[in-house]
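First comes the structure, then the notes that go with it.
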Amino acid sequence: MNEGSDIRTERWISRALRAGVVTSAVLMIVGVAVETASTYPLMDGLVDPLAVVRAALSGYAVSTGIVLLSGGILILMLTPIIRVLAALVTFILENDNTFTLVAAVVLGMFVLELLVSLS
């Protein structure tokens, strides 16, 4: 790849990361506001964000604020994975075998960690 396409790739990755962080922040701020304004008290203790989203999608009654907070947390957790995936694609397109291997190992570690945490 040439220098111009490298800059475009980095800008695209930067925009994707920024969008993930901003979306996450907005969801969490709105979630706190909705939860504070509603009649439901904030849940005590730790809440598993994935379990909350699954429960909401399954039709269980879950506070809207908690769903928004959980969605924001999940998006924030996925943002680094998106960065590594974008780097992997970039390295594959550049035929950079060393960094392709490194990015694939890091992505594999992310996936393994995700699978272990969900079990």
>> Being surrounded by 17 or more Cβ atoms within 10 Å (Cβ to Cβ) and either among the small types (Gly, Ala, Ser) or outside any helix (DSSP H, G or I) (or both) is the filter here; which residues of segment 84-104 pass it?
In response: ALA86, ALA87, ALA103
> Does at least one position in segment 43-62 carry a residue that is of a type in the set (S, T, N, Q) and modelled with pLDDT under 90?
Replying inline: yes
> within 16 Å of the chain's Cα centre (by Cα), assigned to a helix (DSSP H, G or I), at pLDDT below 85 and hydroxyl-bearing (Ser, Thr, Tyr) - does that describe any residue in segment 20-42?
Replying inline: no
> Here are some residues: THR90, THR100. Which one is modelled with pLDDT under 90 and either touching a Leu at 6+ places or on another chain (Cβ under 7 Å) or under 14 Å from ILE13 (Cβ atoms) (or both)?
Replying inline: THR90
> For segment 70-110, which residues satisfy the criterion of being among the β-branched types (Val, Ile, Thr) and touching a residue at least 12 places away in the same chain (Cβ under 8 Å)?
Replying inline: ILE73, ILE75, THR79, ILE81, ILE82, VAL84, THR90, THR100, VAL106
> Quick check, is GLY71 at pLDDT 75 or above and closer than 18 Å to LEU17 by Cα?
Replying inline: yes
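The values are calculated or read from the model by the stated rules, or taken from the named source; none is laboratory data. Just so you know, these numbers come straight off a predicted model, no measurement behind them. Backbone-built Cβ (ideal geometry, glycine too); neighbour counts: all protein chains shown.
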